[in-house]
Amino acid sequence: MARRDHGRLLVERALDGNDRGGRAAKQRAIPARSVTVNLAESPLGWLFAHKQISERQFDAGERLRDDYERSQLGARITMDWSGAPLAQSRGGSAEALDSTSAQVEARRRFDAALAAAGPGLSDILWRVVCSGDGMREAETALGWPARAGKLVLSLALDRVADFYRIG
(Lines give C-alpha, C1' and ligand atoms only; values in the text may rest on other atoms or scores of the structure.)
Protein backbone atom coordinates (compact mmCIF):
# COMPACT_ATOMS: atom_id res chain seq x y z
CA MET A 1 0.00 0.00 0.00
CA ALA A 2 1.32 3.43 -0.91
CA ARG A 3 1.80 5.91 1.89
CA ARG A 4 2.39 9.63 1.80
CA ASP A 5 5.31 11.10 3.75
CA HIS A 6 6.18 14.81 3.37
CA GLY A 7 5.33 15.06 -0.35
CA ARG A 8 6.65 11.59 -1.13
CA LEU A 9 4.58 8.67 -2.36
CA LEU A 10 6.25 5.60 -0.83
CA VAL A 11 5.54 2.01 -1.84
CA GLU A 12 7.26 -1.33 -1.16
CA ARG A 13 8.55 -3.13 -4.28
CA ALA A 14 9.64 -6.77 -4.36
CA LEU A 15 13.19 -7.55 -5.41
CA ASP A 16 12.28 -10.95 -6.86
CA GLY A 17 11.61 -9.49 -10.32
CA ASN A 18 7.94 -10.51 -10.38
CA ASP A 19 6.44 -7.29 -9.04
CA ARG A 20 4.51 -5.37 -11.67
CA GLY A 21 3.47 -2.45 -9.44
CA GLY A 22 -0.03 -1.07 -9.31
CA ARG A 23 -3.01 -2.19 -7.24
CA ALA A 24 -2.11 -5.88 -7.20
CA ALA A 25 1.26 -5.07 -5.62
CA LYS A 26 -0.40 -2.85 -3.05
CA GLN A 27 -2.68 -5.69 -1.91
CA ARG A 28 0.14 -8.23 -1.34
CA ALA A 29 2.05 -8.52 1.91
CA ILE A 30 5.57 -7.08 1.94
CA PRO A 31 7.91 -9.77 0.55
CA ALA A 32 11.03 -10.97 2.35
CA ARG A 33 13.24 -8.89 0.07
CA SER A 34 11.84 -5.51 -0.84
CA VAL A 35 12.82 -1.91 -1.30
CA THR A 36 10.91 1.30 -0.55
CA VAL A 37 10.47 3.40 -3.68
CA ASN A 38 9.38 7.03 -3.89
CA LEU A 39 6.97 7.00 -6.83
CA ALA A 40 6.76 10.79 -6.85
CA GLU A 41 10.38 11.01 -8.09
CA SER A 42 9.43 10.05 -11.65
CA PRO A 43 7.49 12.48 -13.88
CA LEU A 44 4.61 10.00 -13.99
CA GLY A 45 4.71 9.59 -10.22
CA TRP A 46 4.72 13.35 -9.75
CA LEU A 47 1.62 13.70 -11.93
CA PHE A 48 -0.11 10.96 -9.92
CA ALA A 49 0.93 12.40 -6.55
CA HIS A 50 -0.50 15.77 -7.60
CA LYS A 51 -3.76 14.15 -8.80
CA GLN A 52 -3.20 15.13 -12.43
CA ILE A 53 -3.59 11.55 -13.67
CA SER A 54 -5.79 8.76 -12.31
CA GLU A 55 -4.61 5.63 -10.54
CA ARG A 56 -5.60 3.62 -13.63
CA GLN A 57 -3.43 5.83 -15.84
CA PHE A 58 -0.55 5.63 -13.36
CA ASP A 59 -0.79 1.82 -13.23
CA ALA A 60 -0.76 1.69 -17.04
CA GLY A 61 2.32 3.87 -17.19
CA GLU A 62 4.08 1.73 -14.59
CA ARG A 63 3.29 -1.44 -16.56
CA LEU A 64 4.65 0.17 -19.73
CA ARG A 65 7.81 1.31 -17.93
CA ASP A 66 8.22 -2.14 -16.42
CA ASP A 67 8.01 -3.79 -19.86
CA TYR A 68 10.48 -1.22 -21.21
CA GLU A 69 12.96 -2.00 -18.44
CA ARG A 70 12.46 -5.78 -18.63
CA SER A 71 13.07 -5.73 -22.38
CA GLN A 72 16.33 -3.89 -21.69
CA LEU A 73 15.73 -1.43 -24.51
CA GLY A 74 17.62 1.31 -22.70
CA ALA A 75 21.34 1.84 -23.07
CA ARG A 76 23.59 -0.29 -20.87
CA ILE A 77 26.02 1.47 -18.62
CA THR A 78 27.94 -1.55 -17.35
CA MET A 79 28.97 -4.98 -18.57
CA ASP A 80 26.44 -7.82 -18.32
CA TRP A 81 28.21 -10.52 -16.30
CA SER A 82 25.27 -12.89 -16.11
CA GLY A 83 25.93 -16.23 -17.77
CA ALA A 84 23.75 -18.22 -20.10
CA PRO A 85 20.79 -19.88 -18.34
CA LEU A 86 21.49 -23.44 -17.19
CA ALA A 87 19.26 -26.32 -18.22
CA GLN A 88 17.87 -28.67 -15.58
CA SER A 89 18.81 -31.78 -17.56
CA ARG A 90 21.37 -32.75 -20.16
CA GLY A 91 20.41 -31.45 -23.55
CA GLY A 92 17.17 -29.99 -22.24
CA SER A 93 16.12 -26.41 -21.82
CA ALA A 94 15.19 -24.62 -18.66
CA GLU A 95 11.50 -24.86 -17.78
CA ALA A 96 11.01 -21.22 -16.90
CA LEU A 97 11.55 -18.43 -19.36
CA ASP A 98 15.22 -17.61 -19.58
CA SER A 99 16.25 -13.97 -19.46
CA THR A 100 16.34 -13.69 -23.25
CA SER A 101 12.81 -15.11 -23.63
CA ALA A 102 11.57 -12.80 -20.89
CA GLN A 103 13.18 -9.86 -22.71
CA VAL A 104 11.54 -10.88 -25.97
CA GLU A 105 8.12 -11.16 -24.30
CA ALA A 106 8.54 -7.79 -22.57
CA ARG A 107 9.60 -6.23 -25.88
CA ARG A 108 6.55 -7.72 -27.60
CA ARG A 109 4.23 -6.29 -24.92
CA PHE A 110 5.99 -2.91 -25.01
CA ASP A 111 5.73 -2.64 -28.80
CA ALA A 112 2.08 -3.75 -28.74
CA ALA A 113 1.24 -1.23 -26.00
CA LEU A 114 2.81 1.61 -28.00
CA ALA A 115 0.94 0.44 -31.11
CA ALA A 116 -2.29 0.42 -29.08
CA ALA A 117 -1.62 4.02 -28.05
CA GLY A 118 -1.36 4.94 -31.70
CA PRO A 119 0.83 7.23 -33.76
CA GLY A 120 1.57 10.58 -32.18
CA LEU A 121 0.69 9.34 -28.70
CA SER A 122 3.55 6.86 -28.38
CA ASP A 123 6.10 9.70 -28.52
CA ILE A 124 4.90 11.36 -25.33
CA LEU A 125 4.58 7.97 -23.62
CA TRP A 126 8.17 7.06 -24.37
CA ARG A 127 9.54 10.44 -23.32
CA VAL A 128 7.68 10.78 -20.01
CA VAL A 129 7.19 7.17 -18.92
CA CYS A 130 10.30 5.41 -20.24
CA SER A 131 12.91 8.12 -20.68
CA GLY A 132 11.87 10.04 -17.57
CA ASP A 133 11.64 13.43 -19.25
CA GLY A 134 9.60 16.03 -17.43
CA MET A 135 6.48 17.33 -19.11
CA ARG A 136 8.13 20.62 -20.12
CA GLU A 137 11.14 18.83 -21.66
CA ALA A 138 8.89 16.40 -23.55
CA GLU A 139 6.70 19.19 -24.92
CA THR A 140 9.76 21.15 -26.05
CA ALA A 141 11.39 18.12 -27.68
CA LEU A 142 8.18 17.30 -29.55
CA GLY A 143 7.61 20.93 -30.58
CA TRP A 144 4.31 21.15 -28.75
CA PRO A 145 2.86 24.21 -27.00
CA ALA A 146 3.05 24.38 -23.22
CA ARG A 147 0.43 22.36 -21.33
CA ALA A 148 -0.51 20.29 -24.39
CA GLY A 149 1.51 17.29 -23.24
CA LYS A 150 -0.56 16.53 -20.15
CA LEU A 151 -3.76 16.10 -22.18
CA VAL A 152 -2.05 13.98 -24.84
CA LEU A 153 -0.29 11.87 -22.19
CA SER A 154 -3.62 11.32 -20.44
CA LEU A 155 -5.21 10.04 -23.67
CA ALA A 156 -2.19 7.80 -24.36
CA LEU A 157 -2.26 6.35 -20.84
CA ASP A 158 -5.97 5.55 -21.19
CA ARG A 159 -5.25 3.58 -24.36
CA VAL A 160 -2.36 1.75 -22.73
CA ALA A 161 -4.59 0.95 -19.72
CA ASP A 162 -7.11 -0.56 -22.15
CA PHE A 163 -4.31 -2.59 -23.76
CA TYR A 164 -3.13 -3.95 -20.39
CA ARG A 165 -6.78 -4.45 -19.33
CA ILE A 166 -6.39 -2.33 -16.24
CA GLY A 167 -9.79 -1.68 -14.71
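The values are calculated or read from the model by the stated rules, or taken from the named source; none is laboratory data. All values derive from a computational prediction rather than experimental measurement. Virtual Cβ from ideal backbone geometry, glycine too; neighbours counted across all protein chains shown. Heavy atoms of the whole protein, side chains included, go into the accessibility calculation; ligands, DNA and RNA do not. Shrake-Rupley method; radii C 1.70, N 1.55, O 1.52, S 1.80 Å.
For the reader, a short list of remarks on this structure follows.
- In order along the range 59-72, the Karplus-derived 3J(HN,Hα) couplings, from 6.51 cos²θ - 1.76 cosθ + 1.60 at θ = phi - 60°, round to 4, 5, x, 5, 5, 5, 4, 4, 5, 4, 5, 5, 6, 6 Hz, and Gly and Pro are given as x.
- Spin-label model distance (nm) - S101 vs T36, 7 Å beyond Cα toward Cβ: 3.8 nm
- Heavy-atom accessible area, probed at 1.4 angstrom with all protein chains present, ranks V152, V129 as V152, V129, highest first.
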